[in-house]
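Asks: Mind having a look at this structure? Questions to follow.
The values are calculated or read from the model by the stated rules, or taken from the named source; none is laboratory data. All figures in this text were calculated on a predicted structure; none of them were measured in a lab. Please note: Cβ atoms are built from the backbone with ideal geometry, for glycine as well, and neighbour counts cover all protein chains shown. These accessible areas exclude ligands, DNA and RNA; they are computed on the full protein's heavy atoms, side chains included. Shrake-Rupley method; radii C 1.70, N 1.55, O 1.52, S 1.80 Å.
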Amino acid sequence: MRFTTTRRTALGLAALAIASATPTAFAAEPPIKIGLLAPLTGTGGPYGKEEETAARAAADYINAAGGVLGRRIEIVVADDESTPTAGVAAARKLIDVDGVAAIAGVWSSAVALAVRPVALEKNVALLPVGSADELTEGDTKGLVWRFQTNGKNWGRAFANVAARDGAKTASILVLQTPFTLSTVKPFNDRFQELGGKVLDTVYFNPNQPSYRAEVEKIFSKKPDAVFLPSYIPEVSAIVREIYRSGYESKLYTFSHAADSGGKFVQNVGKAAAEGVNHVQATPVGKAEAYRLYLKQTRQPEGTIVAFGANVFDEINVLALAIAKTRSAKAVDFTKEIANVVNANAPAVTDPVEGLKRIREGKPFRYSGATADFRFAPNGDQIDLDYGHYRVLDGTSKLIGTTK
């Protein structure tokens with residue numbers, strides 16, 4: 001008997017083939033579960049949704065291309081409430097109940113430090129974006145990989161930027177958290193190495209009803225520069241106080257505090273935001289992987305979003321390491337995490353292209369969205385450049401870069 005294939009029949013067969021290729025292939029194997037421990041509430045609330053959106057976008061992008069080892073990546077989200085106690089409880093649920101192979105996100109250094117012993121005990125990979133130096137110190141069993149610069153290097157970068165701007169004197173107004181405190185001594189030491197003098201260091205707490213006393217103490221001495229290691233809620237309140245008081249010392253803070261997708265300017269207004277300097281590991285805004293991140297999260301080009309891009313890199317690197325080892329066990333795939341970005345091979349900015357190269361046996365290294373970084377043996381990102389941005393007429397402009 002002879003069969004004739006009509007256009008309608010062909011389209012129907014094609015649709016059936018597509019339908020069976022994707023869901024059925026994934027249905028044959030359980031998903032690879034990756035936990036996202038994010039600050040959906042609490043002090044880190046402004047950044048939690050950003051992390052979740054990035055993680056889901058990365059997983060969706062990889063899943064649409066066939067997943068990893070024929071398996072779907074599933075993101076399991078938990079709220080750490082920006083506190084260590086809640087973070088540990090959420091991490092234990094992710095590990096013991098949900099069965100995740102890795103925990104990504106972990107914005108707060110305090111939360112990450114509390115969760116670290118749990119991850120090490122359970123042999124689960126931990127990929128924090130917290131910057132406290134202690135996260136990668138000691139025996140991490142090769143399970144801890146930081147997707148952010150550490151506090152020491154960030155402090156030195158700020159000192160380089162302030163000195164290059166001509167500052168001879170500086171003061172430090174610092175929020176009391178493990179990460180922000182870790183930047184103080186490195187800034188102080190490096191600024192003095194460059195011939196500068198630190199006039200004063202003042203500490204403050206989150207969610208104070210007023211920062212007037214701290215602002216007056218720091219700015220009344222008229223330092224050339226003020227280093228403000230903090231986050232967007234406190235930075236916004238402090239900048240409003242500075243503007244009302246008419247102080248003119250140059251202010252330097254983190255990009256996630258002074259840009260944060262435009263929230264900072266919305267909080268304080270264009271006039272108060274004018275001239276505020278911020279620093280972030282580059283090449284945010286120009287890397288192909290960063291453009292892919294913005295496209296997948298439907299954000300306009302030029303948007304500076306630090307933590308979301310960090311998490312986008314985390315999911316991509318996890319997928320590539322799992323594919324290289326053909327194992328979703330952390331004790332196996334963490335051995336390949338460094339090689340994914342450190343290999344002496346052509347740079348790849350698209351994780352799907354990286355997965356294709358793995359299948360074809362071709363060498364590559366992943367070049368990230370937040371930075372074209374490498375990993376040190378202890379799990380810290382190294383070889384970073386830092387972008388110096390300044391808010392001008394309500395928009396962040398790149399002024400230069402530094403190590």
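Asks: When only alpha-carbon atoms are used, what values of Rg and Dmax, in angstrom, describe the chain?
Replies: Radius of gyration, then largest Cα-Cα span, for the chain: 22.7, 96 Å.
Asks: Send over the Kirkwood Rh of segment 126-214, from the inverse of the averaged 1/r over different Cα pairs, rounded to one decimal Å.
Replies: Over segment 126-214, the inverse of the mean reciprocal pair distance is 14.4 Å.
Asks: Within segment 226-250, which residues have the backbone N less than 14 Å from the label spot 7 Å out from Glu274 along Cα→beta-carbon, could you tell me?
Replies: So the set is 243-244, 246-248.
Asks: Shifting gears a bit: Lys and Arg at +1, Asp and Glu at -1: add these up for the other residues within a Cβ distance under 9 Å of Tyr389 and post the number.
Replies: On the way: positive: Arg390, Lys397; negative: Asp259.
Summing Lys and Arg as +1 and Asp and Glu as -1 gives +1.
Asks: Also, quick follow-up: Taking the Cα atoms of segment 54-182, what is the range of coordinates along each of the three principal axes, in descending order and whole Å?
Replies: 57, 34, 27
Asks: Okay, next question. Figure the gain on full extension for Arg326 and Ser210 (residue separation times 0.36 nm, minus the Cα-Cα span) and round it to one decimal in nm.
Replies: Values: separation 116, 0.36 × 116 = 41.76 nm, distance 5.38 nm.
Between Arg326 and Ser210, full extension yields 36.4 nm more.
Asks: Ignoring ligands, DNA and RNA, what percent of the accessible area of segment 204-301 is carbon or sulfur (1.4 Å)?
Replies: Numbers: 1970 of 4320 Å².
Here it works out to 46 percent.
Asks: Between Glu29 and Leu120, how high is the FRET efficiency from 1/(1 + (r/R0)^6) when r is the Cβ-Cβ distance and R₀ = 22 Å? Nearest 0.05. Working shown, then result.
Replies: Working: r = 28 Å, r/R0 = 1.25.
Given R0 = 22 Å and the Cβ-Cβ separation, E is 0.20.
Asks: Roughly speaking, what is the centre-to-centre gap between segment 59-104 and segment 213-259 when only Cα atoms are used, to the nearest Å?
Replies: 37
Asks: Counting only residues 5 or more places away or on other chains, whose amide H sits under 5 Å from the amide H of Ala369 once H atoms are built in the peptide plane?
Replies: Asp313
Asks: While we're looking at this one, here's another question. Picking from His256, Ser230, Gln280, whose Cα lies most toward the positive end of the charge dipole for segment 202-288 (charges on Cβ: Lys, Arg +1; Asp, Glu -1)?
Replies: With unit charges placed on the Cβ atoms, the residue in question is Ser230.
Asks: Next up: What does the extension gain come out to for Lys185 and Asp96, with contour length at 0.36 nm per residue minus their alpha carbon separation? Present the calculation step by step, with values, prior to reporting the outcome.
Replies: Numbers: separation 89, 0.36 × 89 = 32.04 nm, distance 3.88 nm.
Value of the extension gain: 28.2 nm.
Asks: What does the charge count around Ser210 come to, taking other residues whose C-beta lies under 15 Å from its C-beta (Lys +1, Arg +1, Asp -1, Glu -1)? Show your work: numbers first, answer last.
Replies: On the way: positive: Arg212, Lys217, Arg240, Arg244; negative: Glu214, Glu216, Glu234, Glu241.
Residues close to Ser210 contribute a combined charge of 0.
Asks: What distance in nm separates the simple spin-label points at Lys141 and Gln176, each placed 7 Å from Cα in the Cβ direction?
Replies: 3.4
Asks: Considering only Ala125, Ala112, Leu135, whose Cα is most displaced toward the positive end of the charge dipole of segment 95-148, charges sitting on Cβ of Lys, Arg (+1) and Asp, Glu (-1)?
Replies: After comparing all options, I get Ala125.
Asks: Another one. Which lysines, if any, have their Cα less than 30 Å from the Cα of Lys362, not counting same-chain residues under 8 positions apart?
Replies: Within the straight-line cut-off, Lys362 pairs with Lys33, Lys141, Lys286, Lys295, Lys324, Lys329, Lys335.
Asks: Then there's this: Would you give the gap between the C-alpha center of segment 140-166 and the C-alpha center of segment 327-386, rounded to a whole Å?
Replies: 20
Asks: Just to confirm the filter: which GluC sites (Glu not before Pro) across segment 253-362 are DSSP coil and have at most 12 other Cβ within 10 angstrom of their Cβ? Could the numbers behind the result be given before it?
Replies: Numbers: sites: Glu274, Glu288, Glu301, Glu314, Glu336, Glu353, Glu360; in loops: Glu274, Glu301.
Those satisfying the criteria are Glu301.
Asks: If only Cα atoms are counted, what is the Rg of segment 27-77, and what is its Dmax, in Å?
Replies: In order Rg, Dmax, the Cα atoms of segment 27-77 give 12.6, 41 Å.
Asks: Lys and Arg at +1, Asp and Glu at -1: add these up for the other residues within a Cβ distance under 13 Å of Thr85 and post the number.
Replies: The answer is -2.
Asks: For a quick check: with amide H placed at 1.01 Å from N, whose amide H comes under 5 Å from Leu36's, ignoring anything fewer than 5 positions away on the same chain?
Replies: Val76, Val77, Ala78, Ala104
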